[in-house]
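Have a look at the structure below, then the notes.
The values are calculated or read from the model by the stated rules, or taken from the named source; none is laboratory data. Just so it is clear, the model here is predicted, and its values are computed rather than measured. Reconstructed Cβ throughout: ideal geometry from the backbone, glycine too, with neighbour counts over all protein chains shown.
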Amino acid sequence: MRQPQSSEFQPSASQPSERLTVLHTGGTIASKPDASGALTPQEAPRVPGLPASVEVSNIQAFNLPSPHVTPRHMEALRVQIEQQAPRSSGIVVTHGTDTLEETAFYLHLTLATPVPVVLTGSMRHAEEPSWDGPGNLLDAASVALHPATRGRGPLVAFGGDLFDARTVTKVHSSAPDAFGGYPGPIGRIDHIGGTAALHYFARPELPLHSRPLFVPGGQPAHVEILYAYAGWQGEGYDQAAQRADGLVIAALGTGNLPAELLPLITQTCAQGKPVVIATRTHAGPVLPLYGYAGGGATLQRAGAIPASFLNAHKARLLLLVLLSMGLSQPEIEAVFADGHF
Ligand code: ASP
């Protein structure tokens with residue numbers, strides 16, 4: 001993401017255009033408890049508090065807990081967004097928070113429309129006194145309809161903060177302010193006396209859409225993630241490398257691994273299967289700093305691709321999209337290296 005150059009202040013009165021499309025996909029924001037208190041997605045919520053001049057279309061894209069969402073659902077959602085975009089001033093997507101960042105990043109990579117797309121959800125359900133669904137929905141709708149949002153790519157609105165899809169991540173499993181990520185929000189929305197005050201601090205880095213997008217209807221590539229830990233001797237690696245079209249490893253620090261992994265990764269790369277190295281830390285880049293066996297410099301020399309600032313699950317989606325498009329290993333390496341994703 002570009003560094004904030006100057007703080008942009010937008011007029012405090014939001015100027016909603018006429019047509020808001022809300023695509024619902026399930027999650028806690030649509031969930032109700034059963035007799036035992038366990039939650040399942042049921043009824044899609046409605047955006048509260050919009051002026052009567054805004055025409056709202058609610059569309060149920062699917063109705064799933066977000067751990068059940070797959071790249072196929074993300075692709076189906078992308079198609080629906082592209083279909084709705086010409087008749088929408090702004091689009092809101094409601095989504096379970098557990099994989100919200102993955103769907104947001106998939107859309108960031110593959111959507112071509114300039115129409116604002118804002119994802120949101122809730123951490124508390126509709127029968128709790130502290131339900132955060134209505135506030136997050138109104139925020140997302142106000143942001144999606146605001147003229148200053150156009151051209152920023154898909155955003156996530158949560159707890160009044162606005163995040164870009166590339167860097168946002170879920171940082172807390174239960175708190176209402178569940179989203180964060182390095183380097184932090186790119187904007188903020190508050191409501192003062194019924195008026196939305198929207199401030200942007202930065203513009204997200206957008207992908208280069210000269211690249212072809214994910215092939216609709218195609219079989220998504222199979223990419224697996226392995227998680228590194230002290231004492232890992234490569235357990236599970238061979239099986240994953242055989243099954244998958246590509247691997248992502250959530251490695252240690254700046255992208256280092258135990259020595260046992262170096263020959264395994266060397267072999268996979270030599271077979272033409274990409275291995276992407278991310279970091280299991282919550283922020284920062286992957287760098288070729290260390291020359292001991294398994295150190296970042298040795299992994300990159302063996303052909304492993306550094307994930308830059310992407311976390312492992314976002315690196316997995318980028319690799320999945322690039323492999324699905326049929327890109328070669330050097331082309332994939334070039335995309336990860338140029339940073340325009
Ligand atoms: N805990 C999740 C949520 O907040 C459930 C899900 O992701 O579907 O929506």
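Quick rundown of the values:
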item	result
Meets criteria (touching a residue at least 24 places away in the same chain (Cβ under 8 Å) and on the phi > 0 side of the Ramachandran plot) for residue 153	yes
Checking residue 59 against (1) more than 19 Å from residue 131 (Cα to Cα); (2) assigned to a strand (DSSP E or B); (3) within 14 Å of the ligand (Cβ to nearest atom), the condition it does not meet	(3)
Segments classed as strands (runs of 3 or more DSSP E), wholly inside the range 171-260, with at least 1 members that are modelled with pLDDT under 95	187-192, 195-200
Contacts under 8 angstrom Cβ, first residue in the range 73-93 being in contact (Cβ under 8 Å) with a residue 60 or more places away in the chain, partner assigned to a loop (DSSP other than H, G, I, E, B) and among the acidic types (Asp, Glu), 6 or more apart	89/18
Close pairs (6 angstrom Cβ cut-off, 6 or more residues apart or separate chains): surrounded by fewer than 17 Cβ atoms within 10 Å (Cβ to Cβ) in the range 237-264, of a type in the set (S, T, N, Q) anywhere	260/233
Conditions (1) away from the ligand (no atom under 13 Å from the Cβ); (2) over 18 Å from the mean Cα position of the chain (by Cα); number of the one not met by residue 157	(2)
Residue check for residue 149: within 24 Å of residue 57 (Cβ to Cβ) and crowded, with 17+ Cβ neighbours inside 10 Å	yes
Filtered residue count, the range 44-54, keeping only those that are within 16 Å of the ligand (Cβ to nearest atom) and either surrounded by fewer than 10 Cβ atoms within 10 Å (Cβ to Cβ) or of a type in the set (A, V, I, L, M, F, W, C) (or both)	1
Condition met for residue 291 (at pLDDT 95 or above, among the small types (Gly, Ala, Ser) and at positive phi)	no
The range 102-120, residues that are in a strand (DSSP E or B) and of a type in the set (S, T, N, Q)	120
Answer residue from the range 70-129, given it is hydroxyl-bearing (Ser, Thr, Tyr) and away from the ligand (no atom under 16 Å from the Cβ) and is surrounded by the fewest Cβ atoms within 10 Å (Cβ to Cβ) among those	113
Condition broken by residue 36, with the remaining ones in (1) of a type in the set (Gly, Ala, Ser); (2) touching a Gly at 6+ places or on another chain (Cβ under 7 Å); (3) away from the ligand (no atom under 13 Å from the Cβ) satisfied	(2)
All positions within the range 182-201 that are touching a residue at least 60 places away in the same chain (Cβ under 8 Å) and buried (at least 21 other Cβ atoms within 10 Å of the Cβ)	186, 196, 198, 200
Conditions (1) at pLDDT 95 or above; (2) within 13 Å of the ligand (Cβ to nearest atom): number failed by residue 41	(1)
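Residue-wise test of (1) hydrophobic (A, V, I, L, M, F, W, C); (2) at pLDDT below 95; (3) under 20 Å from residue 137 (Cα atoms).
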position	(1), (2), (3)
4	no, yes, no
24	no, no, yes
49	no, yes, yes
55	no, no, yes
59	yes, no, yes
